[in-house]
Each structure stands twice: as structure tokens, then as C-alpha cells.
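Accompanying notes for the structure given below.
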Amino acid sequence: DAKTTQPPSMDCAEGRAANLPCNHSTISGNEYVYWYRQIHSQGPQYIIHGLKNNETNEMASLIITEDRKSSTLILPHATLRDTAVYYCISNFGNEKLTFGTGTRLTIIP
Amino acid sequence: KAGVTQTPRYLIKTRGQQVTLSCSPISGHRSVSWYQQTPGQGLQFLFEYFSETQRNKGNFPGRFSGRQFSNSRSEMNVSTLELGDSALYLCASSWKAGVDTQYFGPGTRLTVL
């Protein structure tokens with residue numbers, strides 16, 4: 001099945017950059033990579049998305065490899081409020097985005 | 001700009017009852033999608049509505065239905081509730097149908113006893 005692969009959990013020290021990896025080796029050329037995060041029991045929050053080029057917004061940066069088989073979400077200065085489950089997703093030819101199990105990121109004080 | 005709102009936020013029902021959940025999208029958004037989130041299955045797509053028409057449906061039984069009104073507000077209904085329907089039901093809106101950046105509401109926590 002086409003899907004993304006993420007580590008189940010990661011820790012990051014407060015104030016440091018959090019780098020969350022994602023493998024999506026089966027993604028097609030015109031399919032975007034989206035990142036969302038979900039803080040406990042809240043609705044998922046959109047972070048960023050990209051196709052080929054690296055992207056940056058006020059929340060994060062997204063680095064996509066040239067072959068598009070993997071990407072990394074970077075939170076430049078992690079705070080305790082960044083503790084959440086982070087989802088790397090795409091639609092993989094379907095009409096809707098498909099969510100996996102994500103990475104549980106814990107920011108350590 | 002106001003975000004996606006969902007009502008009610010919490011609901012307790014008993015088996016066999018039915019329930020209706022409501023979602024108001026971000027102003028100007030015409031697509032509304034519904035998701036079910038459980039600890040065991042994660043986030044699963046239920047259906048999408050665009051311009052009052054259901055254009056996409058996930059793998060759920062017919063007990064799950066929805067509709068969208070002319071102002072883009074949407075409701076989903078679950079009939080003959082089962083214990084396994086206990087979940088967080090999330091609504092998301094976007095500008096266009098299909099794959100687009102979706103903005104989620106806070107969800108409705110449904111507990112079936």
C-alpha cells in the first residue's frame with residue numbers, strides 16, 4: 001500500500017531544532033506532501049505542504065529530497081507547546097489525504 | 001477569520017440511538033469532510049461534501065450519513081449506534097474539493113454506552 005513511514009516517537013530539547021523525518025518512496029510526481037500535527041484530543045492543525053521545492057512558513061520548514069522519496073519537517077526552536085503527534089501525509093492517487101500513525105514528538109524542558 | 005466550529009463538543013448516547021453532529025466551515029470554504037478517530041484505527045475518512053453533493057465516501061456502513069446545506073454547513077448522522085462508534089468525530093473544510101489544504105475543527109467526542 002502506498003503510504004508514508006515515520007518513526008513512532010521522538011524527543012527534542014526545548015529551544016533546539018526538531019527534525020522530523022518521513023519516507024514516502026511511492027509518492028507520484030504530482031502529489032503533495034502535507035504535514036499536520038495533533039495536540040492531545042484536539043483537531044489536527046495544518047503546518048505546511050510542498051511538492052518539490054523546500055518550503056518555509058511561520059511555523060516550520062519543509063525539506064524535500066530531490067528524488068521526492070523523503071522529507072523532513074523542521075521546527076526551528078521547539079517549545080513545550082510543540083509536543084504533539086505529527087503526521088506526514090499525501091493522497092497517493094486517491095481523492096483524499098490518508099493519515100497514518102504519525103510521530104509522537106515530546107519536547108523536553 | 002473564524003475557524004471550523006463543531007457542535008456539540010461532547011455527547012453521550014446509548015446503543016441503538018441515533019445522533020446528529022454539526023459542522024460550520026471556514027467562511028468561503030465549500031468543501032466539508034468528516035473523519036472518525038479512534039485509538040485503534042486512527043484517523044479514518046468518512047465522506048466529503050462539496051456544493052451540497054457527496055463526492056467521496058470512505059469505507060463505513062450505511063448507518064453513517066451526511067448532508068451539506070446551501071451555506072456549506074454540514075451535518076453527519078449515525079443511526080442505530082453501536083459501542084464501537086465511540087470516537088472523536090472531526091470535520092475539516094477546504095476551498096476546493098478533492099486534495100486541498102484542510103482545516104480541522106475541534107471535534108465532537110461521542111461516547112456510546
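FYI, it's all coordinate maths here, none of it is from the lab. For clarity, every value in this text was computed on a predicted model and none was experimentally measured. Here the Cβ is made from the backbone with ideal geometry for all residues, glycine too, and neighbour counts use every protein chain on show.
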So which of B:E75, B:E82 ends up being touching a residue at least 24 places away in the same chain (Cβ under 8 Å), acidic (D, E) and surrounded by fewer than 13 Cβ atoms within 10 Å (Cβ to Cβ)?
B:E82
Quick one: how many residues across the range B:1-15 are more than 10 Å from chain A (Cβ to nearest Cβ) and in a loop (DSSP other than H, G, I, E, B)?
6
Going through (1) assigned to a loop (DSSP other than H, G, I, E, B); (2) in contact (Cβ under 8 Å) with a residue 60 or more places away in the chain one by one, A:Q42 fails only at (2)
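Condition first: buried (at least 16 other Cβ atoms within 10 Å of the Cβ) and part of a loop (DSSP other than H, G, I, E, B). Now tell me which residues in the range B:102-113 satisfy that.
B:Q102, B:G105, B:P106, B:G107
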If A:S70 satisfies every condition in (1) in contact with an Asp or Glu (Cβ under 9 Å, 6 or more places away or on another chain); (2) away from chain B (no Cβ under 11 Å); (3) small (G, A, S) but one, which is the exception?
(1)
Within the range B:54-62, is even one residue more than 21 Å from B:A2 (Cβ to Cβ), in contact with a helix residue (DSSP H, G or I) (Cβ under 8 Å, 6 or more places away or on another chain) and in contact (Cβ under 8 Å) with a residue 12 or more places away in the chain?
no
Counting only residues that are in contact with a strand residue (DSSP E or B) (Cβ under 8 Å, 6 or more places away or on another chain) and more than 24 Å from A:Q38 (Cβ to Cβ), give me the strands (runs of 3 or more DSSP E) lying completely in the range B:33-94 with at least 3 of them.
B:53-57, B:64-68
Name the residue that is farthest from the other protein chains (Cβ to nearest Cβ), counting only residues in the range A:18-38 that are in a loop (DSSP other than H, G, I, E, B) and under 14 Å from the mean Cα position of the chain (by Cα).
A:H24
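For the range A:87-109, what are the residues that are part of a strand (DSSP E or B), surrounded by fewer than 21 Cβ atoms within 10 Å (Cβ to Cβ) and not aliphatic (A, V, I, L, M)?
A:T98, A:R104, A:T106
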Among the residues in the range A:46-58, are any over 30 Å from B:N59 (Cβ atoms), part of a strand (DSSP E or B) and within 14 Å of chain B (Cβ to nearest Cβ)?
yes
Among the residues of the range B:16-32, write down those that are among the hydroxyl-bearing types (S, T, Y) and either part of a strand (DSSP E or B) or touching a helix residue (DSSP H, G or I) at 6+ places or on another chain (Cβ under 6 Å) (or both).
B:T20, B:S22, B:S24, B:S31
